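Step one of this worksheet: look at the structure below.
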Amino acid sequence: MTADDFRRIALSLPEAEEKSHFGKPDFRVRNRIFATLPPGAHAVLKLTPEEQAMLAGAEPETFQPVKGGWGRQGWTEMDLTAADDATLRSACLMAWRNTAPSSLRKRLAASGGQA
């Protein structure tokens, strides 16, 4: 997968928008960051520590904790070149769900929305 693939998938999520965080593209839902796209062939996702441990354990070539304190909070680096479409969509949706307000998640679930 590529940065363009990531961008397309992230922006397909409800109310997602692209902005900038310290000069790097980021993806937000209601102005809260759920992912960033630093230079290179990787993305950074806001996962829970449990989700991070599960993904890094299952696919260590694709997922690694960000170094330092941010990684201990669940921020996870994803190697886009090692990911397929389903993996990228699933991880991006996890990050979106971890960030979106519960009212938005509930409203979408009640209407049969994807997220």
Next item on the list: List every residue pair whose Cβ atoms sit under 6 Å apart, with the two residues 6 or more apart in sequence or on different chains, where the first one lies in segment 17-44 and is over 11 Å from residue 6 (Cβ atoms) and in contact (Cβ under 8 Å) with a residue 24 or more places away in the chain and the second, anywhere, is assigned to a loop (DSSP other than H, G, I, E, B) and of a type in the set (D, E, K, R).
Entry: 29/15
Check: If you take the residues of segment 1-12 that are of a type in the set (Gly, Ala, Ser) and in contact (Cβ under 8 Å) with a residue 60 or more places away in the chain, which of them is surrounded by the fewest Cβ atoms within 10 Å (Cβ to Cβ)?
Finding: 3
Check: Which one of these is among the hydrophobic types (A, V, I, L, M, F, W, C) and touching a Pro at 6+ places or on another chain (Cβ under 7 Å): 44, 66?
Finding: 44
Next item on the list: With respect to residue 36, determine if the residue is β-branched (Val, Ile, Thr), within 13 Å of residue 95 (Cβ to Cβ) and out of contact with any Pro (no Cβ under 6 Å at 6 or more places or on another chain).
Entry: yes
Margin query: Please determine whether any residue of segment 13-36 is touching a strand residue (DSSP E or B) at 6+ places or on another chain (Cβ under 7 Å), surrounded by 14 or more Cβ atoms within 10 Å (Cβ to Cβ) and of a type in the set (Lys, Arg).
Written below: yes
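Rule-based calculations on the coordinates, nothing more; no lab input. Just so it is clear, the structure is predicted and the values come from calculations on it, not from any experiment. We place every Cβ from the backbone using ideal geometry, glycine too, and count neighbours over all the protein chains shown.
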